[in-house]
Amino acid sequence: MLSGSPTQGMFSNSRIGNSESPNSGASSSFTQPIVDMSENDETELLSITWNQDYHCFAAGTNHGFRIYNCKPCKETFRRDMKVGGFKIVEMLFHCNILALVGAVANSHYPPNKVLIWDDYQSRSICEFTFRSEVRGVKLRRDRIAVVLEHKIYVYSFTDLKLLHQIETLANPRGLCCLSHHSNTFVLVCPGLNKGQVRVEHFGLNVTKLISAHDSQIACFTLTLDGLLLATASITGTLIRIFNTMDGTQLQEVRRGADRAEINSIAFSPNVQWLAASSDKGTVHVFSLRVRVSGEDSLTQPNVVQGPALFHQNSSTSLDPLISTNTGANPNSTFSFMRGLLPKYFSSEWSFAQFRLPQSTHLIVAFGSENDVIIVGMNGSFYRCSFDIVHGGEMMQKECVRFLK
């Protein structure tokens with residue numbers, strides 16, 4: 001069983017299997033249990049995903065899936081199976097509910113099927129089957145978002161009914177992000193135009209379309225309350241931070257001057273820092289000049305903020321979202337010549353950096369204010385810290401080969 005208590009009241013047994021997918025319908029039959037087994041074959045990583053508070057991560061493998069705690073890095077749970085592996089494993093905080101999507105070689109769970117699995121009961125809750133391959137799944141306590149190549153379906157977690165359908169530009173990366181505060185429901189996905197991001201404030205019935213980049217979107221992330229959005233394009237040089245309420249760009253930071261693929265972006269819990277990982281094998285940390293009224297709510301998700309928080313951060317008053325740069329992560333030393341030199345000389349460069357010994361696909365998160373966690377598709381785990389006053393090279397605190 002996964003760490004944490006089973007989710008209570010999330011499903012009504014009488015309603016299981018009654019929802020319908022517009023493509024083919026959700027399966028009403030229970031699937032066969034995943035069977036524990038011993039494997040002598042070499043284990044291959046297919047995916048790595050954080051849980052919603054970055055305290056754990058899930059690894060999809062060619063034999064099943066594994067769950068790891070981050071502090072310290074330690075495998076806490078695994079399930080191996082006879083029929084193949086999973087390319088998507090999505091956790092729901094620390095509870096026993098997971099969303100699973102099979103790999104191509106999985107004979108029982110094909111890549112066009114989403115399995116909602118309750119490991120406390122060792123059974124499937126339901127299945128959603130689609131006509132095309134599932135590119136991503138995102139969970140929050142009350143919603144399931146299934147990402148296909150050109151569409152996103154949003155279901156209720158209580159009765160599995162379809163609530164929303166969203167058309168997107170071709171989305172092979174399965175890009176989608178949800179807020180996780182109980183009083184705000186924000187979904188971000190690609191829009192219908194290149195470089196465009198669509199922001200859905202479902203609680204307010206508001207849709208914002210943001211022209212974030214000239215190139216195709218490669219990566220984005222939200223703060224827990226969904227009020228701030230960070231985006232990167234396939235060019236991989238700039239990261240932009242937006243107010244999701246009115247689409248205003250609040251800040252722009254630069255990873256570098258050369259092209260790179262940004263694999264992941266993460267806000268720190270206090271929204272003072274932003275981390276980004278790329279295929280260059282370097283993790284950058286930037287100081288943010290944006291702040292959110294009521295920052296304490298970011299670490300206390302149950303505190304009710306309500307409309308007042310949105311009002312303070314609305315387009316009529318952007319001042320609460322912008323603070324003066326106090327020296328951390330200054331513009332480059334050429335900033336006094338802004339407008340006279342190429343743009344990359346006057347950009348805001350990273351405040352701290354960590355260079356890995358080898359380049360691999362990396363995902364990054366914050367463990368605390370100045371504690372950065374890095375997980376690689378080569379099975380490596382790093383924890384490092386940076387000086388919040390002077391920045392510079394980060395100090396390595398932990399290095400583990402978690403895939404054994």
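Each value in this text was obtained by applying a stated rule to the coordinates, not by laboratory testing. Small disclaimer: the values here were computed from a predicted structure and weren't measured. Here the Cβ is made from the backbone with ideal geometry for all residues, glycine too, and neighbour counts use every protein chain on show.
Region 135-289: percent of C-alpha pairs farther apart than 20 Å?
Details: 5548 of 11935 pairs.
When every Cα pair of region 135-289 is considered, 46 percent fall beyond 20 Å.
So what are the three principal axis dimensions of region 190-260 from its Cα atoms, in whole Å, longest to shortest?
40, 23, 17
Could you work out how much longer the chain between Leu204 and His390 gets when fully extended? Use 0.36 nm per residue separation minus the Cα distance between them, nm to one decimal.
This chain segment gains 62.8 nm when fully extended.
Enumerate the calculated ³J(HN,Hα) couplings along region 237-251 in order (Karplus 6.51 cos²θ - 1.76 cosθ + 1.60, θ = phi - 60°), each rounded to whole Hz, writing x wherever the residue is Gly or Pro.
The phi angles translate into 9, 10, 10, 10, 10, 10, 7, 6, 6, 10, x, 5, 6, 9, 6 Hz.
Please compare each pair in Lys113/Lys151; Lys87/Lys397; Lys74/Lys404 to a cut-off of 19 Å on the Cα-Cα distance and tell me which ones are over it.
Numbers: Lys113/Lys151 15 Å; Lys87/Lys397 30 Å; Lys74/Lys404 11 Å.
Lys87/Lys397, as the Cα separations exceed 19 Å there.
In nanometres, what is the gap between the two model label sites at Cys399 and Ser215, each 7 Å from Cα along Cα-to-Cβ?
3.0 nm
From the P(r) of region 124-164, could you give the percentage of C-alpha pairs in the tail past 12 Å?
57 percent
With only alpha-carbon atoms counted, please give the Rg and Dmax of region 87-142, in Å.
11.0, 31
5 Å is the cut-off here: which amide hydrogens, built 1.01 Å from N in the peptide plane, fall below it relative to Val290, excluding neighbours closer than 5 in sequence?
Ser323
Please give me, ordered by residue number, the GluC sites (Glu not before Pro) of region 91-160 that lie in loop per DSSP and have at most 15 other Cβ atoms within 10 Å.
Working: sites: Glu127, Glu133, Glu149; in loops: Glu133, Glu149.
Passing both the DSSP loop test and the Cβ count: Glu149.
Taking the Cβ of each residue in Cys126, Cys399 as the centre, tally the other Cβ atoms inside 10 Å and list the residues starting with the fewest. Please report the intermediate quantities before stating the final value.
Values: Cys126 24, Cys399 14.
Lowest to highest Cβ neighbour count: Cys399, Cys126.
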